[in-house]
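Some notes on the structure that comes next.
What follows is calculated from the coordinates using simple rules that are stated; it is not laboratory data. Here the structure is a predicted model, which means the values were calculated and not measured. With ideal geometry, Cβ positions are generated from the backbone for all residues, glycine too; neighbour counts draw on all protein chains shown.
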Amino acid sequence: MLKKILLSLSVLVTMIPITRAQDINLTSELDQMISTDHFWQKQDYKTYQFSGFNRDGNNPDDVHALYKEDKWHVYTDCKGPGVATRIWSTYRLNRGWGNVKVEVDGKVIYEGPTADFFNGKTPFAPPLSQVVVRSEEEGKKFGISYVPIPFEKRFRFMLDVPNYNIVNVKLFNDKATKITGFSGKINKQELKSWHKVAEVFKMEHPYITKKNVKTLKKTLTFNKKGSQDIKLNGSAVIRGIEIDADSATLSNLHLEIFWDHESMPSVSIPVELGFGSNNQQTLLLGRNEQSKYIYIPMPFKESAQLVFNYHTDNNQQIPVTIFTEDMSFDKQPISYLHGYYNSGSYFLKSSTPKFPTAPLNEYFYKNGFSVLDIKGEGHIIAYMDYFKCQPELDEHIFVDECNNFPNNIWNGTGHEDLFDMSWGHFNRSSAYVSGGSEFGEEVNTRIFWNSTLTFNHGIKWIWEWTPNIYKNPNRDASFSSVVFYYLNNRDK
């Protein structure tokens, strides 16, 4: 397994951020999947989640298609220009899996067995697309594909047997964006790019460095509760941070980061949760053989101050390694990384909201655990949580001025769905997700790599907590979450 996960991923492909002048095609989207340089740039698209979520706010979340056409339940139908970036679908033991049909710009690029779509021919082949089996006997399996599907005019995804499914799509704001729709066949250049992404997704590479990446090593020494800081000067990008300590030590360590002389920290997170899983790995967050790591790029123009706050009186020495790359931004705008932590508990007898009668309107906007509620312009890049509750809680994300369920553009079908799992959580490492547990035993991690959650005026993310939706609510709920996001236009 991975000894040192890819830190400076941008060594593989130097990406140009998405702009109005850029051509979008399968090759460009694949190349972006092995670079992090676009993370701190403004994203010129809006991300949508299409799913079978129940428009009445109840479960099940599998049969609520947009409409039915002949035998097909159409779950996704959107106008371009855009790219479908993630497709997830479950298997039901009592229904089978049935067939899937995918249309790009009016052309059927695939029609056939669902299992063969996810575990088929390149590009829809492992490790970018695969069937994951938890238990064949219990029918606990699902398909997950991160193969980007560009489309110019229209994209449709449909099933002949209703099942839980999710399709993430990014639609470009400039309708003049030039997109070459995916034809269903892959050419030599696209195949070359696909293989590069496949190598990254295998997570077998050692740490890849660049000649201009600097390494700063420092040991934080604490004799009691207190703070120590590390200051960086100049214009640069923090490519990664590694902390060599066990879980018990990290549970007492909190990190704050101040960019360019700001008075309040942009990042304020507990390291134990904010650096991902202790036992699983993703490309950007988790634990390798030695250290807990975060490899999300963090640009700054003049200075960065990292403040480590230790919350116990035990003597402790904590080795920290910071990887930086000098970079001149001149007058180029950059998006600054922010990290936000929140926690909360809900008890069946005292804090259960009453479920309203239809129409739901603002119900899910006002009730539940709040992951993030901010104003501004930017995009979410990663999310982690400790979660102790029923796995059927759904995420509801409200972007910009929309606060009306079910008209918001992102609704889930269950907590585990966000982390590429199904029928509950299980331990899993992969490129973009890791986990997992619904019992508060493991950090669940999701990276929004190639389709960040964008917002122009603000975003609110809610996990529903309404146990009387379900037939047998059997326990209280507790949540702890960290979300990493970039904010634009700080200099204005």
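Please list, in order, the residues from region 58-99 whose amide nitrogen is less than 11 Å from a point placed 7 Å along the Cα→Cβ vector of K175. What the label zone holds, given the 11 Å backbone N cut-off, is 80-81. Each of R92 and S303 was given a label point 7 Å from its Cα along the Cα-to-Cβ line. The distance between the two points is 6.0 nm. Rg over Rh for region 91-165 works out to 0.98, both radii taken from alpha-carbon positions and Rh defined as the Kirkwood radius. Run the dipole for the chain about the Cα centre, Lys and Arg Cβ at +1, Asp and Glu Cβ at -1, nothing else charged, and hand back the magnitude in debye, nearest 20. Charge dipole of the chain: 640 debye, to the nearest 20. Please check which bits of region 175-205 a label hung off T122 would reach, taking the label as a point 7 Å along Cα-to-C-beta and the cut-off as backbone N under 16 Å. Hits in region 175-205 for T122 at 16 Å: 184-202.
Which translational diffusion coefficient, to the nearest whole µm²/s, is obtained for region 337-487 from the Stokes-Einstein equation, given a Kirkwood hydrodynamic radius over C-alpha pairs, 10 °C and 1.306 mPa s? Display every interim value, and only then the final one.
Values: Rh = 15.7 Å.
For the chosen part, D equals 101 µm²/s.
Among F117, F155, S129, pick out the residue whose Cα is farthest towards the positive end of the charge dipole of region 77-180, where Lys and Arg carry +1 and Asp and Glu carry -1 on C-beta, about the Cα centre. Checked the options; the winner is F155. Pair-distance distribution P(r) for the chain, from all Cα-Cα distances in 20 Å bins starting at 0: 24, 59, 17, 0 percent.
Just to be sure I follow: if Rg is taken over the C-alpha atoms of region 49-184 and Rh is the Kirkwood radius over the same atoms, what is Rg/Rh? Numbers along the way, then the final one.
Values: Rg = 14.6 Å, Rh = 15.1 Å.
Over the Cα atoms of region 49-184, Rg/Rh equals 0.97.
Counting neighbouring beta carbons within 10 Å and listing from fewest to most, the residues T114, T221 come out as T221, T114. Normalising the average separation of contacting C-alpha pairs (under 8 angstrom, six or more residues apart) by the number of residues puts the relative contact order of region 350-412 at 41 percent. Rg/Rh for region 213-334: what does it come to with C-alpha atoms and Rh from Kirkwood? Value, to two decimals: 0.97.
Backbone N atoms of region 231-253 closer than 17 Å to the 7 Å Cα→Cβ label point of T312 belong to residues 244-253.
Give K170/K388; K366/K388; K42/K175 a once-over and call out the pairs whose C-alpha atoms are over 23 Å from each other. Result: K170/K388 exceed 23 Å.
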